[in-house]
Amino acid sequence: MKRRLYRLIVTIAAFVLMVTWVYSQEIVDVKPSVVWKIYQKANSGLSDNNAIKILIDDAGEKWIATEKGGLSNLQDSMWSSYQTTNSEIPHNSIYALAIDAEGNKWVGTYGSGLAKLKRSSSEGKEDEWTNFNSDNSLLPHNWILSTAVDKEGAIWVGAGDQGITKFNGTEWFVFNTLNSQIPNDVVNAIAIDSKGNKWIGTEDGGLTVYDGTGWRVYNMDNSQIPSNWVLTLTVDKNDHIWIGMLNGGVAKFDTDTTWTLYDMYNSGLPNNSVYSVAVDKDDAVWIGTGGGGLAKLDGHKWTVYDKANSSLPKDFVYSVSIDENNMKWVGTWKGGIATLK
């Protein structure tokens, strides 16, 4: 928890100090035709206004990991929430979320390990929860920071300061700085490309990729990555890796040698701490920042949505997800969820 508070303090301080920004790319005005809708605890079934992670499953249901309200679900217009008081979810603080090919939800809690939710397909039958923690499994830590599911159905987990763990349903494998080339044991982000490579963003250790046999590390000493503190990772349809960093802006890496860097000084990015990146159906990149609102990069054009010029409820954007209709679902810190199209 101290690490996350430190990130917030550093991000907010940087935002306050940087009162001007220089850019070379085109900035476009916010369009008044954009339609916003706001979901908050006061006007909807959202259980907490701190929306840490939003995922959308194959049925179009929205799953929201919250900071203190457990797991919220929106199906059409119906809300429901899974909390310790009404379900077997082990903790109400959730910082990681993944969905496997069978539709199971893997819920990473901040204190009680990893939980698997298997939804019941029969009316009247209860949902099935399976909880994994450091007492009943080989999960090395109960603070789950990141999760991802590979093509074989194995779940990859960044657990506390214990590296990255793979669970294939029967066996556990832990990779840390003692037994592998992972550069740091705090794993903030995991993304898997179409070839099955695991891209791992660490806290102050840079970016590493694991292909199943070997590791390759990208840091400020051996590459163009501008920050070793990686907060989020996204793989686009071309297998390019989008890297959001603490005080490093956002970078696109073509997984070979080409880096494209965006920050407050060379682009329209409004803040250098990037907590989420999503690519929509039109290949526009949506970037959630820690204090500068939501930025859209469409080719060379930048559009920034913030509390001052739009209906975005807060400028700290923790999560961005795109639904089947190209609607953007934006999770904010203390502002709930905003949608725009």
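The values are calculated or read from the model by the stated rules, or taken from the named source; none is laboratory data. In this text, all values refer to a predicted model and were calculated from it rather than measured experimentally. Cβ coordinates were reconstructed from backbone atoms using ideal geometry, including for glycine residues, and neighbour counts include every protein chain displayed.
Working only within the stretch 130-171, note down all residues that are part of a loop (DSSP other than H, G, I, E, B) and of a type in the set (A, V, I, L, M, F, W, C).
Filtering the stretch 130-171 for residues part of a loop (DSSP other than H, G, I, E, B) gives 133-142, 150-154, 160-163, 168-171.
Of everything in the stretch 130-171, those that are part of a loop (DSSP other than H, G, I, E, B) and of a type in the set (A, V, I, L, M, F, W, C) turn out to be L138, L139, A154.
Going through the stretch 65-104 one residue at a time, which ones are touching a Leu at 6+ places or on another chain (Cβ under 9 Å), outside any strand (DSSP E or B) and aliphatic (A, V, I, L, M)?
Across the stretch 65-104, the qualifying residue is only I89.
Do we find a residue being assigned to a strand (DSSP E or B), touching a helix residue (DSSP H, G or I) at 6+ places or on another chain (Cβ under 7 Å) and surrounded by 24 or more Cβ atoms within 10 Å (Cβ to Cβ) anywhere in the stretch 245-262?
No: zero hits.
From the residues in the stretch 292-314 that are touching a residue at least 60 places away in the same chain (Cβ under 8 Å) and within 19 Å of V250 (Cα to Cα), which one is nearest to the chain's Cα centre (by Cα)?
Applying the filter and picking the extreme gives G292.
What pairs come up if the first residue lies in the stretch 103-128 and is closer than 21 Å to I56 by Cα and modelled with pLDDT under 95, the second is among the aliphatic types (A, V, I, L, M) and part of a loop (DSSP other than H, G, I, E, B), and their beta carbons are under 9 Å apart, counting only those six or more places apart or on different chains?
Close Cβ pairs (under 9 Å, with a partner that is among the aliphatic types (A, V, I, L, M) and part of a loop (DSSP other than H, G, I, E, B)) do not exist here.
Let's see how each residue does on (1) among the acidic types (D, E); (2) assigned to a strand (DSSP E or B); (3) crowded, with 24+ Cβ neighbours inside 10 Å; (4) modelled with pLDDT under 95:
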| position | (1), (2), (3), (4) |
| --- | --- |
| D239 | yes, no, no, no |
| S311 | no, no, no, no |
| Y318 | no, yes, yes, no |
| V330 | no, yes, yes, no |
| T339 | no, yes, no, no |
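From the list G153, G169, which one is in contact with an Asp or Glu (Cβ under 9 Å, 6 or more places away or on another chain) and at positive phi?
G153
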